[in-house]
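Q: Once you've had a glance at the structure underneath, I'll fire off some questions.
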Amino acid sequence: MIFFGTGSANLDSVKTRNITCQHCNNQDTIYINIYRRHAHVFWIPIFPIGKSGTSYCTHCKETLSSKQMPEALKIQYKNIKGEAKGPIWQFSGLLVLALLIAFGVYSSGKDKENTQRYLSEPVMGDIYEYKADNGNYSTMRLEKVTTDSLYLSLNDYEIPKKSRLYKIDKAENYSEITYGYSKNEISQMQIEGVIFDINRD
């Protein structure tokens, strides 16, 4: 379940000049408070939505929204709102997202690089993840390597999601019977996407 919503942060609180409170008739007692709303996911700010504000009289405590402000006060409100700068942390979610994407791209590239290296330099115990003809996913374990062939034992179990292969990759699940494949056959299976990953401890 994803928790998302909106929040707000106070950007600035500025005392107005030459403004008389319409409620108590005191001058220079009104402050403009500016807020900026932001969207968040799991309470991590992702991006700002917009700015708003209110006026507040320190003498009579009257608070007005921008729509309720008299024209002279509204002019100062618009100027203060335009100059108010938001905190950098309201973009922190975007930074986290960018870092996750960069890490994902790096990990994907590194994983492909390792797969190619493991394919050209096979070692006993390597786990080959593959897609079965019925659309399920399973694994093979490399048991023996010769000059031109690989001998693998098949996992007795299959699973419908490749992201869950770790659940069946257990020593007791591999058959004692091994099947021989030429190195060219294994390379072709990888090119065709039948074998999509190779893991090594």
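The numbers here are math on the coordinates, done by the rules we state, and not lab data. Treat the numbers as computed from the prediction; the structure is a model and nothing was measured. Cβ sites come from the backbone with ideal geometry, for glycine too, and all protein chains shown count toward neighbours.
Q: Please compute the length gained on full extension between K144 and R164, using 0.36 nm multiplied by the number of residues separating them and subtracting their Cα-Cα distance.
A: On the way: separation 20, 0.36 × 20 = 7.20 nm, distance 2.61 nm.
Using 0.36 nm per residue and subtracting the Cα-Cα distance, I get 4.6 nm.
Q: Right, something else. What's log10 of I(q)/I(0) for the chain at q = 0.09, 0.12, 0.16 Å⁻¹, Debye sum over Cα points only, no solvent?
A: Each listed q maps to, in turn, -0.58, -0.73, -1.00.
Q: Provide D201, D126 in ascending order of the number of other Cβ atoms located within 10 Å of each residue's Cβ, fewest first.
A: Values: D201 6, D126 20.
Ranking D201, D126 by Cβ neighbours within 10 Å, fewest first, gives D201, D126.
Q: Let me ask something else about it. Identify all lysines with a Cα-Cα distance to K110 below 21 Å; exclude those on the same chain that are fewer than 8 residues away in sequence.
A: Excluding near neighbours in sequence, the set is K162.
Q: With each label point set 7 Å from Cα along the Cα-Cβ vector, what nm distance links T63 and E176?
A: 7.8 nm
Q: Give, as a single signed number, the net charge of other residues whose beta carbon lies under 10 Å from the beta carbon of D28, with Lys and Arg counted +1 and Asp and Glu -1. Display every interim value, and only then the final one.
A: Values: positive: K15, R17; negative: none.
That works out to +2.
Q: Could you name the lysines whose alpha carbon sits less than 16 Å from that of K161, not counting residues in the same chain fewer than 8 places away?
A: K131
Q: Among D133, D169, D111, which one shows the highest mean-square fluctuation when the chain is modelled as a Gaussian network with alpha-carbon springs under 10 Å?
A: Maximum among the listed residues: D133.
Q: Can you tell me which of A171, A39, A132 moves the most in a GNM of the chain? Springs connect C-alpha atoms under 10 Å apart.
A: A171
Q: Using the Kirkwood formula over every pair of different C-alpha atoms, what hydrodynamic radius in Å results for the stretch 118-199?
A: On the way: mean 1/r = 0.0790 Å⁻¹.
By the Kirkwood definition, the hydrodynamic radius is 12.7 Å.
Q: Can you give the helix-only mean residue ellipticity at 222 nm for the chain, where every DSSP H stretch with n ≥ 4 adds -39500 (n - 2.57) and the sum goes over all residues, rounded to the nearest 500 deg cm²/dmol?
A: Numbers: 3 runs with 51 residues, N = 201.
Dividing the helical sum by the residues of the chain leaves -8500 deg cm²/dmol.
Q: If you don't mind, there's one more thing I want to ask. Note the full-extension length gain between K110 and N18 as 0.36 nm times their separation in residues minus their Cα-Cα distance, in nm to one decimal. Working shown, then result.
A: Numbers: separation 92, 0.36 × 92 = 33.12 nm, distance 6.40 nm.
Between K110 and N18, full extension yields 26.7 nm more.
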